[in-house]
Amino acid sequence: MHNLFSEGESRIVRPPSTALVIFGASGDLTHRKLLPALYNLYCDDYLPVNFLIIGASRTRLSDQDFRDSARESVASYSRRELDSEKWAGFSKNMYYQPTDASKESDISELGKRIEALCQGCHRDFNYLYYLATAPRFFAPISANLKKAGLVEDPEQGMRRTSLIVEKPFGHDLESARELNAKLRQNFAESQIFRIDHYLGKETVQNILVFRFANGIFEPLWNNKYVDHIQISFAESIGVGSRASYFDRTGILRDVVQNHLFQILSLLCIEPPISLSDPDSIRDEKVKVLRSVRRLNKEEVAARVVRAQYDKGYINGEPVPGYLQEDGINSGSRAETYVAMRIEVDNWRWSGVPIYIRAGKRLPRRITEITVFFKRPPGMLFRGRQVYDLDYNVLAIQVQPEEGISLRISAKPPGPRLRVEPVIMNFTYGSSFGVPSPEAYERLLLDAMKGDATLFTRDDEIEEAWGILTPVLEVWKQDDAIPLYRYQAGSWGPLEADALLTASGHAWRKL
Ligand code: BG6
């Protein structure tokens, strides 16, 4: 029988020589996520034997300044402690070139610097450009790279030249299409790696292994046996230092369009032909997104609940309301909470409600997928103090306690026939005993290898926006659609509960 798992790597193969150029090198993402991830890859001996990291941004820094600030960031944010000897080996490959990426001349200077550094190593390097900048620079940087002769034809070029693009990728369907078109004027689709860090999380990758490497679940994974599904994303933090970004964006765009729809599509896909060919999986994911029923105006009003937090308490500490946060417009209508009911209208999932909720300033940080299986008929237990039999619930906790649990019904010891729920549990910590790598580690490594499986394809991004753009438009046009309130530190507005009670469901307690 065809085995999806037979084609994988049997050992870690280091990527070929790579010059990684980070645009936005003095920014938050570079310092909090990218540099710590690269340092950890280095410590694990996963980086190419020959690698260069070239920081580029407008700030005037020397190579040494860049290394010094990177050292501080790695010391603060790396999952493993900074080791001086390792740091010395890692940081000697780091360079910095002050660059205003909107200026052609600066990019061509940068090109010369990259070339000189690579020649100094007497190796053929692939070039990987990471756009960790504000989105308005994505298209101009890609055009300037092309003009400077720094993008090669993927079929005929001497080296692989690729582009990693951060989120947000557009703010609606039209802007995403426009950005795709602009990037494709300079890079082929096979050279573009659109990042969604949720795909780098171990637990998200495990969805495919769980579904397709276990014979017992896949037969049940359909509308015959699944009653409904919940995908929940909760954070206790507010908007922090990203107020102006968040206020323009709202949580639907910030996490649902990307992270939660990626989870949804992996959860619902048909078995791909192969796990080794990036397009097999991505083809199937696109089919899921294409099958999600588009909502009309009345359905948006009935099936999507948006809300904003008022002041409240988190862990016993008072926190301000959203409108009182620094940097937020006083009349802002940005939603900090959203709950929606969607349906994947295909043969496998038709009729299974999928509830998605995401919120800031909820009681705790947790991301969880919960599959509720249909209840068995209860007549055998009637008259025995057993009323409704519980759902069997499969919960995949993406974070913070990475793992999977299954709720089953069991008879407690004793002379009476009773039924009680019990939980079977698997946690990564106790089963594998090694800390999971950060999502960015896996994604940077894959991009260096040229493996796009865990990156979002152009049509996938557009389908995801295609689902949400009608919602955003209705919200924009119709002021009568309420923006409900909830207290910081609560689980969101009561109106979000009503979305489920209509079908006899309830949100899982997290
Ligand atoms: C980011 C969002 O993409 O994901 C943030 O912009 C959010 O608002 C973050 O906090 C959540 O990521 P994680 O990995 O902490 O769940």
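We did not get these values from a lab; they are worked out from the coordinates using the rules stated. Only a predicted model underlies this, so the values are computations on that prediction, with no experimental measurement involved. Don't worry about glycine lacking a Cβ; one is built from the backbone with ideal geometry, like all the others, and counts go over all protein chains shown.
At-a-glance table
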read-out	value
Mean separation of Cα contacts under 8 Å (6+ apart) over length of segment 186-294, as relative contact order %	25 percent
For segment 195-298, average projected area of the Cα convex hull in nm²	9.2 nm²
Nearest-0.05 FRET efficiency for K92 and D478, computed from C-beta distance (R0 45 Å)	0.20
Pairs of Cα atoms farther than 16 Å apart, segment 170-249, %	76 percent
Residues T99, T453, T336 arranged by fewest to most Cβ contacts within 10 Å	T453, T99, T336
Chain lengthening between F5 and E115 when straightened (0.36 nm per residue, less Cα-Cα)	35.7 nm
Mean projected area in nm² (Cα convex hull; one quarter of hull surface) for segment 198-240	4.7 nm²
Taking N as its residue count, the alpha carbon Rg of the chain over 2.2 N^0.38 Å	1.04
Test item: Cα-centred dipole of segment 369-496, Lys/Arg +1 and Asp/Glu -1 on Cβ, debye	1320 debye
Nearest-ten-degree value, helix 458-477 long axis tilted from longest Cα axis of the chain	60 degrees
T427/I273 FRET efficiency (R0 41 Å; Cβ-Cβ; nearest 0.05)	0.80
Descending semi-axes in Å of segment 221-359, equivalent ellipsoid built from Cα gyration tensor	33, 17, 14
For segment 10-83, convex hull volume per residue from C-alpha positions, Å³	99 Å³
Segment 78-188: C-alpha pair distances exceeding 25 Å, %	33 percent
Cβ charges +1 (Lys, Arg) and -1 (Asp, Glu), total dipole of segment 18-69, debye	240 debye
Distance (nanometres) between label positions extended 7 Å along Cα→Cβ at K297 and Q324	3.7 nm
Estimated translational D of segment 381-494 in µm²/s (Stokes, Kirkwood radius over Cα pairs; 20 °C; 1.002 mPa s)	106 µm²/s
Simple spin-label estimate for V13 and R248 in nanometres, 7 Å along Cα-Cβ	4.2 nm
Principal-axis tilt of helix 63-77 within the chain, Cα atoms, nearest 10 degrees	20 degrees
Length gained when the stretch L220-E317 is fully extended (0.36 nm per residue, less Cα-Cα span)	30.5 nm
Two-decimal Rg/Rh across segment 325-457, once Rg and the Kirkwood Rh are taken from alpha-carbon atoms	1.08
Spherically averaged projected area of segment 312-381 from its Cα convex hull (nm²)	9.0 nm²
Per-selection Rg to Rh, segment 94-141 - Cα, Kirkwood hydrodynamic radius	0.99
Rounded to 10°, Cα long-axis angle of helix 278-291 versus longest principal axis of the chain	50 degrees
If the convex hull is drawn through the Cα atoms of segment 5-134, its volume per residue in Å³	132 Å³
Percent of Cα pairs exceeding the 16 Å cut-off, where the set is segment 345-407	65 percent
